[in-house]
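This report refers to the structure that appears directly beneath it.
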Amino acid sequence: MRKARWAAAAAGVVLLTGGCSGARDDTSGTSQAGPSAAPAKASGSLDAAATTKEIVDAATAAGFTQEPSEGLPASLKNCAVTWLADVEKAGDPQKSYDRTLAALKKAGWKHARELTQQGSAVTSLKKSGWTLRAGYYGRPETYLAIHFQAWDTSAECEKAANEELAKKQSS
């Protein structure tokens, strides 16, 4: 469990440092509101609640339960979603992971890229101004973590993520 929580924390750092900056998508809605306001959405766009529901629905239907985690800072609650699978309770984590990705694609998430290296993989998907990274760390017989992270690629959310990263670096 401790390794899984460490991996989730590391994945959260990846979300903040690599996920938001420079990851713009022309389908995202933007607003002129201040950073504390929820970003405006284009018609038909996803928000954090809808994105969470899609991830939860796909992952739980595939056999996963959620591993409790610390979550994201409050300033990012409208901009990002993290969901860590409890791999110890999954019958076959690899099949559940693959089925989760298949369900997300069926729900309209488009495959963007995939990186597989030394027993780990990260798959990026995109939908309605959001980017989702699904990944696993370890090998099928010794999974350390399986996570699903998504973030809104709007300018407002990129700014919020950069501000949060600056806070963490200064403390």
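Please list the non-local residues whose amide H lies under 5 Å from the amide H of VAL87, H modeled 1.01 Å from N, same-chain partners needing a gap of 5 or more.
ILE146
Please say if region 69-116 is rounded, prolate or oblate, where rounded means a/c under 1.5 for a ≥ b ≥ c the square roots of the C-alpha gyration tensor eigenvalues, and otherwise the choice is prolate for a/b larger than b/c and oblate otherwise?
On the way: a/c = 2.25, a/b = 1.25, b/c = 1.80.
The shape class here is oblate.
Got a number for carbon plus sulfur as a percent of region 42-171's accessible area, 1.4 Å probe? Please list the in-between numbers first.
Values: 3310 of 6460 Å².
Its accessible area is 51 percent carbon and sulfur atoms.
Take LYS106 and SER120, extend 7 Å from each Cα along the Cα→Cβ direction, and tell me the distance between the two endpoints in nm.
Here the modelled spin labels are 3.0 nm apart.
Across region 141-156, in residue order, what do the Karplus-derived ³J(HN,Hα) couplings come to in whole Hz, using 6.51 cos²θ - 1.76 cosθ + 1.60 with θ = phi - 60° and x for Gly and Pro?
Whole-Hz 3J(HN,Hα) from phi for region 141-156: 7, 9, 4, 9, 7, 10, 9, 9, 10, 9, 8, 6, 8, 5, 4, 4.
Give the lysines reachable from LYS105 as a straight Cα distance under 22 Å; neighbours fewer than 8 places away on the same chain don't count.
LYS41, LYS53, LYS95, LYS126, LYS127
The values are calculated or read from the model by the stated rules, or taken from the named source; none is laboratory data. Every value quoted in this text rests on a predicted model; they were computed, and no experiment measured them. Glycine also receives a Cβ, built like all others from the backbone with ideal geometry; neighbour counts cover every protein chain displayed. Each accessible area value is taken on the protein alone, full model and side chains, heavy atoms only, with ligands, DNA and RNA left out. Shrake-Rupley method; radii C 1.70, N 1.55, O 1.52, S 1.80 Å.
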